[in-house]
């Protein structure tokens, strides 16, 4: 199976968003990754529902939504109405994580959980069997273009062991500093899904950048 590639909309050209969405539609990208930031859980704000409605209208790829927000369960119905395929919440933002996972699945979306760089993999021991995907943040969330955290490689390997030991079907996704140098190492460590922003959207040929990542 080839690597799943999910370009991050955060790095797109918002002055000509339709052009970049059409590029994604033409490309071999598997999903479109949407980082939703509220300025509370992370020190930044990204985009809200007026932009997301436009994206959902024009994008033909499944929407991979990453909620970097407090109380991410508040938005379940609105994202479901947009046609979201994967609903990804932060472990650190959910007081009742089991309930949130259940509510995501009740709406027919895939349930994913994200771990910040300082949150250990062992925190997922009690829910890993119920998850469709785990996102390991390889930078601190909130801003694009950060330097890759090297310890992430060991963390991915640990997560792969946990998934194997529990017979979980969860995919491993990574986000942050994913480029042509770090991506092969991450895939070798056990990553299934690469989220990449500037490496794709700032490339001379974004579609070729996507093809290169998929071949890893």
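On a full-extension model of 0.36 nm per residue, what is the gain between residue 161 and residue 212, subtracting their alpha-carbon distance, rounded to one decimal in nm? Please list the in-between numbers first.
Numbers: separation 51, 0.36 × 51 = 18.36 nm, distance 2.70 nm.
Working it through step by step, the gained length comes to 15.7 nm.
Pairs of alpha-carbon atoms within less than 8 angstrom and 6+ residues apart define the contacts here; what relative contact order does the chain have, in percent? Can you show the working numbers first?
Details: 417 pairs, mean separation 48.8, N = 216.
Reported relative contact order: 23 percent.
Kirkwood Rh over Cα pairs of region 4-214 into Stokes-Einstein at 10 °C, 1.306 mPa s: D in µm²/s? Before the final figure, lay out each step's value.
Values: Rh = 17.0 Å.
My calculation gives 93 µm²/s for D.
How much length is gained on full extension from residue 154 to residue 54, taking 0.36 nm per residue of separation minus their Cα-Cα distance? Please list the in-between numbers first.
On the way: separation 100, 0.36 × 100 = 36.00 nm, distance 3.83 nm.
In short, 32.2 nm is gained.
I need 105, 60 ordered by Cβ neighbour count within 10 Å, fewest first.
Numbers: 105 15, 60 10.
The order, fewest Cβ neighbours first, is 60, 105.
Using helices alone, I'd like the mean residue ellipticity at 222 nm for the chain: each DSSP H run of four-plus residues gives -39500 (n - 2.57), total over residue count, nearest 500.
Values: 8 runs with 73 residues, N = 216.
Helix-only estimate at 222 nm: -9500 deg cm²/dmol.
Considering region 115-216, what Rg and Dmax in Å follow from its alpha-carbon atoms?
13.7, 44
Between residue 45 and residue 125, what length in nm is gained on full extension when 0.36 nm per residue of separation is reduced by their alpha carbon distance?
On the way: separation 80, 0.36 × 80 = 28.80 nm, distance 3.10 nm.
The residue 45-residue 125 span can extend by a further 25.7 nm.
Quick check: Cα centre of region 65-131 to Cα centre of region 139-216, how many Å?
19
Exposure proxy check: 122, 168, 196 ranked by fewest other beta carbons within 10 Å?
Numbers: 122 10, 168 18, 196 27.
Ranked by crowding around the Cβ, least crowded first: 122, 168, 196.
How far is it, in nm, from the label point at residue 28 to the one at residue 169 when both lie 7 Å from their Cα along the line to the Cβ?
2.6
Rg (Å, one decimal) plus Dmax (Å, integer) for the alpha carbons of region 141-181?
Looking at region 141-181, its Cα Rg and Dmax stand at 12.3, 34 Å.
For the chain, what is the percent of antiparallel DSSP beta bridges, rounded to the nearest 5?
Working: 1 of 33 bridges.
The antiparallel proportion sits near 5 percent.
Since every read-out is calculated from the coordinates, none of them should be taken as a lab result. Only a predicted model underlies this, so the values are computations on that prediction, with no experimental measurement involved. Note: ideal-geometry Cβ built from the backbone for every residue, glycine included; neighbour counts use all protein chains shown.
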